[in-house]
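Single-structure report; data block below.
The values are calculated or read from the model by the stated rules, or taken from the named source; none is laboratory data. Just so we're clear, the structure is a prediction, and the values are computed from it rather than from any experiment. Here the Cβ is made from the backbone with ideal geometry for all residues, glycine too, and neighbour counts use every protein chain on show.
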Amino acid sequence: MTSLTFYGGVNEIGGNKILLKDKDTKVFLDFGKGFGRRNKFFEEYLNPRTANGIVDFLTMGLLPDIHGVYRDDLLVLADRKPEEPDIDAVLLTHAHADHADYISFLHQDIPIYMGETCHLILKALEERSARTLEKEVLSFRQRPYDRKEEPIPRKIKEFRTGDKFKIGSLEVEPIHVDHSVPGAYGFIIYTSEGPIVYTGDIRIHGTKSQMTRDFIEKAKEVKPIALICEGTRINKNGKEESEQIVFNDANKIVNGSDRLVFADFNFKDVDRMRTFYNIAKENGRKFVVKLNDAFFLKYLSQDPQLNVPKLDDEDIAIYLPKKGSGTYSDSDYKGAEKQFVDQDNCLTADEISTKKSEVLCALGFYSFTSLIDMKPRPGAIYIHSASEPYTEEQEISEDRTQNWIDHFGMNKYQCHCSGHAQGRELLETVTEIAPKTLYPVHTEHPDLYNKVSKNMVLVEEGKEYKI
Ligand SMILES: [Zn+2]
Ligand SMILES: [Zn+2]
């Protein structure tokens, strides 16, 4: 018997947790954090309690209550007995939190398969951020927390395109796709009933669209019995978009300016990072990165295919924020960030303020207090290069962003292209792959796929679908 059960990504964007059973083999396709359902109950100062182990997450529906899945320490905190792991593997499509982060809760003996580059990104994330229960993907500390105990590493299995591997009765073929983070994959999984295809997150207008085409081509060839397809933007059909257009638009803005320039984007989006790095170079400016983002350069420059500049690249500078004593004393910088502080390409806010036309700062809203020290002159530039706000909280921070911009007399611009394919492209993808049955996920509008699929399942959460 082969079946699919969807525990996340159902009528919501992200949070994918899809259980595939085939004979005695059980694998999860992604195990992500569902931001929507978390935001329904929690916010900045109201969080699930770590001291309660897994209980808050189970009770509020952030995690499915299934047997043989979770960490021993978290079950014990929940007054339950530890359980033998009953899942053979997790297949992770990419490093975005809505696909990866709730791996944090899984039993340490469950192997996690991921692309090599995806692993590099997760290493950068692990090294740069404070350990919290919801961010322990590669290793975790037993709760209750004991600082002296070493973190427990997970069993990570890396793959690259072209690899095929067996898990129980399944054979898995990962194929690269283009998305707003490198190291993203779709899967073709050969089950005892026939091949199943899972897209993960995909886009077709990106710099490496050929990778998504390769995936679609291969998926079509195998004549899948089931296609699990993302539908983030199934309801959106906008104007033409591409990374090149983002480059052209932003470059034009920077080119005409002798003022400070700030670019606000997600550093995991390596295409976008390269876009602004190149714009900086083209305009004779140094590309200034945050201490926190230096971790991405450190790890991603190890993959030659990504073409990411090294930290000591002559066009890179690191912004050294004022901390602790306010005097840039060595003892102000702690933990992993210390490794970057001694580099001779570090710049303080005062130094940046004297080089206004010589830098392009990859700094966003959360670094706005540094504007106070950098003293941008009226007409300085703020380029917002991420998706526009779509939750109420994001709208509030957008208002706040605008207040800072107004206070310093800066000019704000929006330059962005999405990490996801548009509606028309998604419909074409499904038509081309022509699966026997379609299971839309990662979308608030699964029904819109009915235009192209006669045999479509509007998935219900937790229900097992026989294939
Ligand atoms: Zn996603
Ligand atoms: Zn994604």
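Would you check if there is a residue in the range 282-302 being without any contact (Cβ under 8 Å) to a residue 60 or more places away in the chain and touching a Cys at 6+ places or on another chain (Cβ under 6 Å)?
no
Which members of the range 87-118 meet the condition of being within 16 Å of ligand 2 (Cβ to nearest atom) and surrounded by fewer than 20 Cβ atoms within 10 Å (Cβ to Cβ)?
Ala97
Please state which one of Arg147, Arg71, Arg141 is assigned by TED's automatic domain parsing to the domain that holds Gly36, touching a strand residue (DSSP E or B) at 6+ places or on another chain (Cβ under 8 Å) and without any contact (Cβ under 8 Å) to a residue 24 or more places away in the chain. Show your work before the answer.
On the way: Arg147 fails: touching a strand residue (DSSP E or B) at 6+ places or on another chain (Cβ under 8 Å); Arg71 fails: without any contact (Cβ under 8 Å) to a residue 24 or more places away in the chain.
None of the others qualify; the one that does is Arg141.
What tally of residues in the range 448-465 results from selecting those that are exposed (fewer than 15 other Cβ atoms within 10 Å of the Cβ) and either of a type in the set (Lys, Arg) or touching a Leu at 6+ places or on another chain (Cβ under 8 Å) (or both)? So that I can check it myself, show each step before the final result.
Of all residues in the range 448-465, those exposed (fewer than 15 other Cβ atoms within 10 Å of the Cβ) come to 450-451, 454-455, 458, 460, 462-464.
From what's left, either of a type in the set (Lys, Arg) or touching a Leu at 6+ places or on another chain (Cβ under 8 Å) (or both): 451, 454-455, 463-464.
Within the range 448-465, residues that are exposed (fewer than 15 other Cβ atoms within 10 Å of the Cβ) and either of a type in the set (Lys, Arg) or touching a Leu at 6+ places or on another chain (Cβ under 8 Å) (or both) number 5.
If I ask for residues that are among the charged types (D, E, K, R), over 23 Å from the mean Cα position of the chain (by Cα) and not in a strand (DSSP E or B), which ones from the range 1-37 would you list?
Restricting attention to the range 1-37, the residues satisfying the condition of being among the charged types (D, E, K, R) are 12, 17, 21-24, 26, 30, 33, 37.
In the following step, the residues that additionally are over 23 Å from the mean Cα position of the chain (by Cα) were identified as 21-24, 26.
If the condition is that a residue be among the charged types (D, E, K, R), over 23 Å from the mean Cα position of the chain (by Cα) and not in a strand (DSSP E or B), then Lys23, Asp24 are the ones that fit.
Would you call Leu125 in a helix (DSSP H, G or I) and touching a residue at least 60 places away in the same chain (Cβ under 8 Å)?
On the way: in a helix (DSSP H, G or I): yes; touching a residue at least 60 places away in the same chain (Cβ under 8 Å): yes.
Judged against the criteria, Leu125 is a match.
From the residues in the range 223-242 that are within 22 Å of the chain's Cα centre (by Cα) and hydrophobic (A, V, I, L, M, F, W, C), which one is surrounded by the fewest Cβ atoms within 10 Å (Cβ to Cβ)?
Initially, the range 223-242 is screened for residues within 22 Å of the chain's Cα centre (by Cα), giving 228-236, 241-242.
With hydrophobic (A, V, I, L, M, F, W, C) added as a condition, the list becomes 228-229, 234.
Numbers: Ile228: 29, Cys229: 30, Ile234: 27.
Residue satisfying both the conditions and the ranking: Ile234.
Every residue in the range 419-460 that is of a type outside the set (A, V, I, L, M, F, W, C), without any contact (Cβ under 8 Å) to a residue 40 or more places away in the chain and either outside any loop (DSSP other than H, G, I, E, B) or assigned by TED's automatic domain parsing to the domain that holds Arg272 (or both), please. It would help to see each step written out before you state the result.
Our first condition is that a residue be of a type outside the set (A, V, I, L, M, F, W, C); within the range 419-460, this holds for 419-420, 422-425, 428-429, 431-432, 435-437, 439-440, 442-447, 449-451, 453-455, 460.
Checking the rest, the ones that are also without any contact (Cβ under 8 Å) to a residue 40 or more places away in the chain come to 428, 431, 447, 450-451, 453-455.
Those that are of a type outside the set (A, V, I, L, M, F, W, C), without any contact (Cβ under 8 Å) to a residue 40 or more places away in the chain and either outside any loop (DSSP other than H, G, I, E, B) or assigned by TED's automatic domain parsing to the domain that holds Arg272 (or both): Glu428, Thr431, Asp447, Asn450, Lys451.
If I go through the range 306-337 residue by residue, how many of them are without any contact (Cβ under 8 Å) to a residue 40 or more places away in the chain and within 25 Å of the chain's Cα centre (by Cα)?
So the count comes out to 8.
Report whether or not Tyr299 is within 22 Å of Ser370 (Cα to Cα) and hydroxyl-bearing (Ser, Thr, Tyr).
Numbers: within 22 Å of Ser370 (Cα to Cα): no; hydroxyl-bearing (Ser, Thr, Tyr): yes.
Criteria not met by Tyr299.
Among Ile245, Ile253, which is in a helix (DSSP H, G or I), farther than 18 Å from Leu448 by Cα and either within 16 Å of ligand 1 (Cβ to nearest atom) or within 26 Å of the chain's Cα centre (by Cα) (or both)? Working first, answer last.
Working: Ile253 fails: either within 16 Å of ligand 1 (Cβ to nearest atom) or within 26 Å of the chain's Cα centre (by Cα) (or both).
Of Ile245, Ile253, the one residue that is in a helix (DSSP H, G or I), farther than 18 Å from Leu448 by Cα and either within 16 Å of ligand 1 (Cβ to nearest atom) or within 26 Å of the chain's Cα centre (by Cα) (or both) is Ile245.
Being part of a strand (DSSP E or B) and within 23 Å of Glu12 (Cα to Cα) is the filter here; which residues of the range 71-114 pass it?
Within the range 71-114, the subset part of a strand (DSSP E or B) is 89-91, 106, 112-114.
Within the range 71-114, Val90, Leu91, Leu106 qualify.
Residues checked against (1) surrounded by 17 or more Cβ atoms within 10 Å (Cβ to Cβ); (2) at pLDDT below 95; (3) over 24 Å from Ser242 (Cβ atoms); (4) touching a strand residue (DSSP E or B) at 6+ places or on another chain (Cβ under 7 Å):
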position: Arg285; (1), (2), (3), (4): yes, no, no, yes
position: Leu297; (1), (2), (3), (4): yes, no, yes, yes
position: Ser325; (1), (2), (3), (4): no, yes, yes, no
position: Ser329; (1), (2), (3), (4): no, yes, yes, no
position: Lys338; (1), (2), (3), (4): no, yes, yes, no
position: Lys356; (1), (2), (3), (4): yes, yes, yes, no
position: Gly364; (1), (2), (3), (4): yes, yes, no, yes
position: Ser367; (1), (2), (3), (4): yes, yes, yes, yes
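Pull out all pairs, ordered by first then second residue, where Cβ-Cβ is under 7 Å, the residues are six or more apart or on different chains, the first lies in the range 93-104 and is on the phi < 0 side of the Ramachandran plot, and the second is of a type in the set (S, T, N, Q) and within 9 Å of ligand 2 (Cβ to nearest atom).
Once the first residue is on the phi < 0 side of the Ramachandran plot and sits in the range 93-104, its partners that are of a type in the set (S, T, N, Q) and within 9 Å of ligand 2 (Cβ to nearest atom) give His99/Thr93.
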